[in-house]
1. In what sequence do 116, 227, 93, 244 fall when counting other Cβ within 10 Å, fewest first?
2. Could you work out the relative contact order of the range 82-148, using alpha carbon pairs under 8 angstrom and six or more residues apart, expressed as a whole percent?
3. Can you compute log10 of I(q)/I(0) for the range 178-277 with the Debye formula, treating each Cα as one identical point scatterer, at q = 0.15, 0.17 Å⁻¹?
4. Semi-axes, largest first, in whole Å: what does sqrt of 5 times each Cα gyration tensor eigenvalue give for the range 48-155?
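Each value in this text was obtained by applying a stated rule to the coordinates, not by laboratory testing. Keep in mind the model is a prediction, meaning the values are calculated, not measured. So basically every Cβ, Gly included, is an ideal-geometry build from the backbone, and we count neighbours across all protein chains shown.
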Amino acid sequence: MGPVLREDSSGCMKQSVAKSVFEELHGLLHSGRWSEGLALSDTILGPTSRRLPHWRGEECDHLLLHLSGGLGDVVMFSRFFPVLQDRGVHIVCNYADTNFEAKAQLLEVIRKQDWCDPDLLTHGHFEEIAPGPGRFWMDLSDMAHIFQLSPETVCDWPSPLWKIEPSTDIRPSDGNMIIGLCTESSKRPDLGRSLSSSQVARLVTSIPQVRWVNLNPWVTLDFPNVCNPPRGTITKVGALIASCDLVVSIDTFAAHLSAALGKDTRMLLLNPQLTSWI
């Protein structure tokens with residue numbers, strides 16, 4: 001039996017998808033088996049996408065965009081939004097997972113960027129559009145393939161892509177470098193991305209002359225040279241990153257956001273199989 005969308009007792013729809021199904025989907029897309037990957041993606045995303053034709057570059061005025069990945073994926077693929085808006089496409093973002101509140105915050109930050117026309121970007125939890133001429137759907141991860149863009153092409157785009165005002169919670173460090181640090185990727189330990197407590201301690205204490213800024217949203221780093229400012233929203237994390245000289249992060253949202261803000265970013269990859277960063 002395939003994955004289904006279930007409704008809980010509060011009437012809220014939640015997506016129940018086996019981890020192995022997502023791993024299979026990513027494997028198909030990374031290997032270039034697009035038709036099989038898109039077919040599997042359609043079964044995961046549920047009935048909404050089947051009401052609309054899948055967009056492959058035709059003339060389009062409304063595009064239902066499924067944000068099926070994580071927050072970092074939204075940041076990474078937001079670089080394609082201006083390309084769509086330049087074509088007059090109204091982007092309607094749909095997020096059908098339990099992380100919808102954070103994605104809503106992130107979309108509001110995108111709507112405030114100079115290159116974004118907020119009238120052509122709307123979003124919502126299980127947002128839909130009615131079928132009709134010029135109306136299509138696609139998954140966020142399809143964008144690079146449809147636009148036939150390569151890493152070399154993307155590197156030619158303006159940097160920084162995003163702008164967020166620096167945080168007022170970070171004071172000047174009297175000449176010491178300010179480094180943002182993110183060591184936790186998710187509350188799911190099976191992802192295998194997070195640093196252990198001993199690894200964090202070794203990193204922080206080995207460079208005492210640096211002022212570290214904790215970017216982890218739900219973990220406090222209790223060290224004398226680490227400050228733990230408020231960071232409960234996307235905007236606050238972005239403002240903290242904007243205040244740093246450098247960001248050191250594992251494979252997670254903070255790394256994507258730091259790069260989008262044009263900050264010097266160092267990635268800590270614990271899993272050598274994460275070749276998508278190479």
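1. On the way: 116 19, 227 16, 93 22, 244 25.
Taking fewest neighbouring Cβ atoms as first place, the list is 227, 116, 93, 244.
2. Numbers: 50 pairs, mean separation 26.0, N = 67.
Value for the range 82-148: 39 percent.
3. -0.55, -0.71
4. With the √(5λ) rule applied to the range 48-155, the semi-axes are 18, 18, 14 Å.
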